[in-house]
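Report on one structure; see the data block that follows.
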Amino acid sequence: MGKKDIRRKEQREKKRIARERVETLFTLAERVFPYSPELANRYVEIALSVQQKAKIRMPRKWKRRYCKKCHSFLVPGVNARVRLRDKPYPHVVITCLNCGNIMRYPYLREKKARRKYASKSTENGNGPDWTS
Amino acid sequence: MRRNGKERKDRTAGRPQRQGQEVAGRAWIFRGAHRGRVTRKNIIWHELIGLKAKVIRASHPELVGIEGYVLDETRNTLVLVGDRVWVVPKDVVEIEFDLGNEKIRVNGKDLVGRPEMRLKKRWRK
């Protein structure tokens, strides 16, 4: 019993350290990128392997900052293109300009939530009243 | 290694022929990236890249006194960058990491292992 607790504690500690490592690696990649993009890509590579080994979630902040195919660090406007598309379903399109890979991130859920919120507030009459 | 580099001929004498030589004169990039996360206890598992390091003792006299920021890490080596780039083997040196408020001496033998594998190292002792 006690042993199990210790192991669980160690596991938690390990994950915490892994989270910090991913964070520092990405901030370093961001700083290094203007001078040496290859080094930034190397940092992303290490961060990914750390994240996979420790089985942690990729932080929200950095989730879209690397290419899912060639694992290069992406800076919008420099080596990535970010566009909003609405046609089949609302989504963000990020194109990696190194390898041409296209990543799509739907934001249907956010849109639905907003729609719901808007209808609710108009029903209650305390939302913005456009009709009058 | 790049050949036929754009600016100058690669493999010319007296020049570091390493990856990361663009950062060589700009070690300030790494300053303060860790913000006090690394401590004496967890340095073995933590990220070494971006830390300031100094070689205290080594089996090879020329390695002693090398000082700089850790640029890259492989299983058996650390890449340090100061005003040039050095590759230092881990298992024959003793390294002092400067964390701003404290200095930690680590035997390089404890650091052997790929960066992501070090995380799994010796959780039970």
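The values are calculated or read from the model by the stated rules, or taken from the named source; none is laboratory data. Here the structure is a predicted model, which is why all the values come from computation and not from measurement. We place every Cβ from the backbone using ideal geometry, glycine too, and count neighbours over all the protein chains shown. Remember, those area values only see protein heavy atoms, side chains included, never the ligands or the DNA or RNA. Shrake-Rupley method; radii C 1.70, N 1.55, O 1.52, S 1.80 Å.
Return yes or no: is B:L71 more than 13 Å from chain A (Cβ to nearest Cβ), among the aliphatic types (A, V, I, L, M) and within 13 Å of the chain's Cα centre (by Cα)?
No.
Which members of the stretch B:55-88 meet the condition of being small (G, A, S) and open to solvent by less than 10 Å² (accessible area, probe 1.4 Å)?
Once the filter is applied, which keeps residues that are small (G, A, S) and open to solvent by less than 10 Å² (accessible area, probe 1.4 Å), the stretch B:55-88 yields only B:G68.
Give the residues of the stretch A:20-54 that are at pLDDT below 90, open to solvent by 90 Å² or more (accessible area, probe 1.4 Å) and more than 7 Å from every other protein chain (Cβ to nearest Cβ), sorted by residue number.
Result: A:P34, single match.
Name the residue, out of A:K68, A:K61, that is more than 11 Å from chain B (Cβ to nearest Cβ), assigned to a loop (DSSP other than H, G, I, E, B) and open to solvent by 10 Å² or more (accessible area, probe 1.4 Å).
A:K68
Just to be sure before I move on: is B:D91 modelled with pLDDT of 85 or more, surrounded by fewer than 17 Cβ atoms within 10 Å (Cβ to Cβ) and touching a helix residue (DSSP H, G or I) at 6+ places or on another chain (Cβ under 7 Å) in the structure I sent?
Yes; evaluated as a whole, the condition is true for this residue.
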